[in-house]
Amino acid sequence: MRIDDLINNTGEWLKGTGPQSHIVMSSRIRLARNVSKVPFPSRANKKDLTAVYDSVKSAIEKSGYLKDSVVLRINDLDNLDKQFLIERHLMSHDHAASGEGRAIAFSKEEILSIMINEEDHLRVQAMQSGFNLFETWKIMDTIDNELSKNINFAYDDQWGYLTACPTNTGTGIRGSVMLHLPALVMTKQINKVLEAIAKLSFASRGFYGEGTQAIGNFFQISNQVSLGHSEEDILQNINGLVRQVIEQEEQARQTLLVQNKAVLEDKICRSYGVLRNAHIISSQETVDLLSMVRLGIDSGVIKDVDTQAINELFIMIQPAHLQKIEGKKLSATERDAKRASLIREKLEK
């Protein structure tokens, strides 16, 4: 399998299925793990990093879930390939910037991925569509057990799993849910919600995770600390918080439909009209308009487009994807034109 083969593949997390998928785009579980008696990647030498890569690759080949995964060395990828994998949420910006001994592994369905020698020796990730935290954890727990049969992870009886960042020490788990919250943004309640999330010691981040801004009214909510709590407790706490945010978003949507229905419908239909007819459009304008169309589908205003098509467009209109589709490098102006053409074609179908 080649990276370019992913262009025509719909990742599991983009399918618009699963519980509460009208608000929750995806659920993700990430585990931080390190190989025992080997320095963390930031302190490891080339020999250490190579040894970690070899042991992880061998463990992947012996895993029932992961044996058919694609394993790629970061140094073998060009900048476009790296950006493409970032846009698909398979690896981080930091990992793309690293070099010797670093690698990425992912399943063909894009449910599972492993960053090898990022901040930790392994950053294992599982993603599912919709509000599916516990189902995602079942997959991740199975993967963790399989890998631990062939890799001796760094673990302390008092502290738990040892990680490069203290906030991950303990279980090493980071659970996150990506929510589409346009109504809370439009009713200007979003800042209060985000402040409340922070006071409860949870993190809210943008579409591409840590260090990114919210785009298209998407927000990721995740735990900040894993030490002193079991995996189940952490996920239960995230689950309870996300349910409250979903309820607030649903109430805000109902308020808009009751008090400002004509204005809301006009904004949705104008957004849809621009996307169907534009010949040049930027990525920022596109994600804002797609956000409104997604809201229009969920509220029944738009009936001839499905959520999966819109979810796919959020990824397909990104710079690396456009250039992969076109088969060559494009200038900013050329990307804006290609983006508009792709959207028109997608929506006409």
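The values are calculated or read from the model by the stated rules, or taken from the named source; none is laboratory data. Here the structure is a predicted model, which is why all the values come from computation and not from measurement. Using ideal geometry, Cβ is built from the backbone for each residue, glycine included, and neighbour counts are taken over all protein chains shown.
Worth pointing out:
- Tally, over the stretch 244-268, of residues that are surrounded by 13 or more Cβ atoms within 10 Å (Cβ to Cβ) and among the charged types (D, E, K, R): 5
- Within the option set L241, L289, being in the same structural domain as K188 (by TED's automatic domain parsing), in contact (Cβ under 8 Å) with a residue 12 or more places away in the chain and in a helix (DSSP H, G or I) holds for one residue only, L241.
- Exclusive hit being in contact (Cβ under 8 Å) with a residue 40 or more places away in the chain, touching a strand residue (DSSP E or B) at 6+ places or on another chain (Cβ under 7 Å), closer than 22 Å to L14 by Cβ and not small (G, A, S), set L122, L181, L162: L181
- Meets criteria (touching a residue at least 24 places away in the same chain (Cβ under 8 Å) and part of a helix (DSSP H, G or I)) for Y65: no
- Flag for S26 being without any contact (Cβ under 8 Å) to a residue 60 or more places away in the chain and of a type in the set (S, T, N, Q): no
- Residue in the stretch 302-310 that is of a type in the set (S, T, N, Q) and either over 22 Å from the mean Cα position of the chain (by Cα) or buried (at least 21 other Cβ atoms within 10 Å of the Cβ) (or both) present: no
- Filter result for N8 (free of Cβ contacts under 8 Å to residues at least 12 places away in the same chain and in the same structural domain as S230 (by TED's automatic domain parsing)): yes
- The stretch 177-197, residues that are polar (S, T, N, Q) and in contact with a helix residue (DSSP H, G or I) (Cβ under 8 Å, 6 or more places away or on another chain): T187, Q189
- Test: residue in the stretch 186-195 that is assigned to a loop (DSSP other than H, G, I, E, B), assigned by TED's automatic domain parsing to the domain that holds S129, of a type outside the set (D, E, K, R) and in contact with a Gly (Cβ under 8 Å, 6 or more places away or on another chain): no
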